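Enquirer: What follows is a structure written as structure tokens; I'll ask about it next.
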Amino acid sequence: MEYYSYVNIFETKGLEYLLLISFLVFFILFLKYFFSPNDENE
Amino acid sequence: MSIKGVVAFEKKGSLKYILHEMKPRGKMLTPFNIISIPIIILGLVILVIRFVKGLGAVTNLSQDYPWGFWIGFDVVTGVAFAAGAYIITFVVYVMRVEKYHSIAKITVLNGFLAYVFYAGALILDLGKPWNIVNPIIGNSFGYNSVLFLVAWHFLLYMMAQLIEFFPVTAEWLGWKKVKRFMSTLTLGAVIFGITLSLLHQSGLGALFMMAKPKIHPLWYSEFIPLLFLTSSIPAGLSMIIFESTISHRVFRDIIDHNSHTPFEDIIIGLGKGAAISLFIYYFFKAIIFIHGRHWSLITDWWGVWYFIEVFGFVLLPCIMYANGVKSRNLGLIRSAAVITMIGIIINRLNISVITFNWNTPVKYFPSWMEIVVTLMIIFIEIWVLRWVVTRMNVFNYEDSH
């Protein structure tokens, strides 16, 4: 009988959730990089 | 200008005026003309053979490869590059960002010509080209086919773009009332055009959803339509950066340099949009890779090729755009635009040609005649574009809308 490991991020959707969260963090940082004060004098 | 020319010029909109404007201007023996004219003539000869003897006489298409270079490059890639029109018209006419107003007309013209020539190239690839009217006249609508949606969208979008550009044509012809009337339709046509674009950009991707067993799983996904739509944004923006850079050199004498926004700022703004859209596209690629559990597929050469596409032609230009925008380095932004465009070509060809039938011994490579016809289409488009911009008020900010 095969057992399903709930803590294995490869078998569950854990990796997808981690990627999504990291994307949101990186996206905010990416936008902040663009719109930081020294860029406003364009 | 000769006396006849002056008389014709005074009677704008007359047949004489139009015939006068048809005459070539400038030097004929330019490097571009010397290269393009023989290719156009050769391409036309090949097209005659294609329509007389059929597809098999000039292409390497077969029952295993019914769609080849003409669909993969001309239609699927060409339409992605034409996306700049719906992005810029949305920004200028809907969001009212005046900064990009000076490039709106040339972008719409480019988009329109791209659709006419590249989407029009679809007719070359039909075994029975006269059947192209079937989705329109109802002989065999094919409601269930994505191609039905794409056919109608191409037709309607070309009409929408024609309406968007018509005030410029009316101004050229001296039709003031027509220009005024057509200008009132612009916003409606823009909104209609954006709606159509969003659907058929993704619709082109949806065409490949029925080919699941044939496309390599690293490229096949149920989210192909979303990927096509997302990637069309950096494709369109990169194309605008690339072509406006060339236009500013080739047509520098007729460009209005008193535009409200410096050209440099426009390129940087476009670069910013391209960087953000590439970032989102890269994320989509990553999450689709993980969602599809493709870890086992990256151990062979297909995996290497996949990572070259994703890292080399999505992530790398994204970083280049970001750095170029931040440091106001136009050279870096233009390089990123070229790399993005190559990446889009690779991506579209990967799905439609390169990884198609990846698991069968039958392979397809376009014949030299297919490549010549593709070059012919590109060159004719550039000829028409050049004819229009040297006669109509396309580059000036004081616009026709």
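Enquirer: Determine which single condition B:Phe313 fails, assuming it passes every other condition in (1) surrounded by fewer than 18 Cβ atoms within 10 Å (Cβ to Cβ); (2) assigned to a helix (DSSP H, G or I).
Expert: Only one criterion is unmet by B:Phe313, namely (1).
Enquirer: Among the numbered criteria (1) within 14 Å of chain A (Cβ to nearest Cβ); (2) touching a residue at least 40 places away in the same chain (Cβ under 8 Å); (3) among the β-branched types (Val, Ile, Thr), which one does B:Val353 miss?
Expert: The failed condition is (1).
Enquirer: Tell me which residues, restricted to segment B:293-305, are of a type in the set (Phe, Trp, Tyr) and more than 9 Å from every other protein chain (Cβ to nearest Cβ).
Expert: Step one: filter segment B:293-305 for residues of a type in the set (Phe, Trp, Tyr), giving B:295, B:301-302, B:305.
Residues satisfying the conditions are B:Trp301, B:Trp302, B:Trp305.
Enquirer: Restricting attention to segment B:316-347, report how many residues are at pLDDT below 95 and farther than 19 Å from B:Ile267 by Cα.
Expert: Residues meeting the conditions: 0.
Enquirer: Additional query: Out of the residues in segment B:316-345 meeting the condition of being under 20 Å from the mean Cα position of the chain (by Cα) and either surrounded by fewer than 17 Cβ atoms within 10 Å (Cβ to Cβ) or hydroxyl-bearing (Ser, Thr, Tyr) (or both), tell me which one is nearest to the other protein chains (Cβ to nearest Cβ).
Expert: B:Thr340
Enquirer: Same structure again: Sort through B:Ile246, B:Ile290, B:Ile240, B:Ile266 and tell me the only one that's farther than 22 Å from B:Asn350 by Cα, within 14 Å of chain A (Cβ to nearest Cβ) and either in a helix (DSSP H, G or I) or open to solvent by less than 40 Å² (accessible area, probe 1.4 Å) (or both). Please lay out each step first, then the result.
Expert: Values: B:Ile246 fails: within 14 Å of chain A (Cβ to nearest Cβ); B:Ile290 fails: farther than 22 Å from B:Asn350 by Cα; B:Ile240 fails: within 14 Å of chain A (Cβ to nearest Cβ).
On inspection, the qualifying residue turns out to be B:Ile266.
Enquirer: Counting only residues that are closer than 13 Å to B:Leu155 by Cα and in contact with a helix residue (DSSP H, G or I) (Cβ under 8 Å, 6 or more places away or on another chain), which one in segment B:124-135 is surrounded by the fewest Cβ atoms within 10 Å (Cβ to Cβ)?
Expert: Step by step, filter segment B:124-135, then rank; the result is B:Ile132.
Okay, residues lined up against (1) at pLDDT 90 or above; (2) within 25 Å of B:Leu270 (Cα to Cα):
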| position | (1), (2) |
| --- | --- |
| B:Leu109 | yes, yes |
| B:Leu113 | yes, yes |
| B:Ala121 | no, no |
| B:Ile132 | no, no |
| B:Asn139 | no, no |
| B:Met182 | yes, no |
| B:Phe192 | yes, yes |
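Enquirer: If I ask for residues that are at pLDDT 90 or above and either closer than 30 Å to B:Arg328 by Cβ or over 14 Å from the mean Cα position of the chain (by Cα) (or both), which ones from segment A:10-29 would you list?
Expert: Matches in segment A:10-29: A:Ser22, A:Phe23, A:Leu24, A:Val25, A:Phe26, A:Phe27, A:Ile28, A:Leu29.
Each row is one residue, and each column tells you yes or no for (1) at pLDDT below 90; (2) open to solvent by less than 30 Å² (accessible area, probe 1.4 Å).
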| residue | (1), (2) |
| --- | --- |
| B:Phe148 | yes, no |
| B:Met159 | no, no |
| B:Phe166 | no, no |
| B:Thr186 | no, yes |
| B:Leu196 | no, yes |
| B:Leu199 | no, no |
| B:Ser202 | no, yes |
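Enquirer: Taking helices (runs of 4 or more DSSP H) that do not extend beyond segment B:37-123, which have at least 1 residues that are among the charged types (D, E, K, R) and at negative phi? Break it down into steps so the answer makes sense when it comes.
Expert: Numbers: elements: B:78-81, B:84-89, B:104-114.
Correct list: B:104-114.
Results for (1) under 22 Å from B:Ile268 (Cβ atoms); (2) open to solvent by less than 40 Å² (accessible area, probe 1.4 Å); (3) in contact (Cβ under 8 Å) with a residue 12 or more places away in the chain; (4) in contact with a helix residue (DSSP H, G or I) (Cβ under 6 Å, 6 or more places away or on another chain), shown as yes or no for each residue.
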| position | (1), (2), (3), (4) |
| --- | --- |
| B:Ala57 | no, no, no, yes |
| B:Asp64 | no, no, yes, no |
| B:Gly68 | no, yes, yes, no |
| B:Gly84 | yes, yes, yes, yes |
| B:Val92 | yes, yes, yes, yes |
| B:Val97 | yes, no, no, yes |
| B:Tyr100 | yes, yes, yes, yes |
| B:Ile106 | yes, yes, yes, no |
| B:Tyr118 | no, yes, yes, yes |
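Enquirer: So is B:Ile308 away from every other protein chain (no Cβ under 13 Å) and modelled with pLDDT of 95 or more or not?
Expert: Numbers: away from every other protein chain (no Cβ under 13 Å): yes; modelled with pLDDT of 95 or more: yes.
Judged against the criteria, B:Ile308 is a match.
The values are calculated or read from the model by the stated rules, or taken from the named source; none is laboratory data. Just so it is clear, the model here is predicted, and its values are computed rather than measured. Positions of Cβ are backbone-derived with ideal geometry, glycine not excepted, and every protein chain shown enters the neighbour counts. All accessible areas refer to the heavy atoms of the entire protein, side chains included, with ligands and DNA or RNA removed. Shrake-Rupley method; radii C 1.70, N 1.55, O 1.52, S 1.80 Å.
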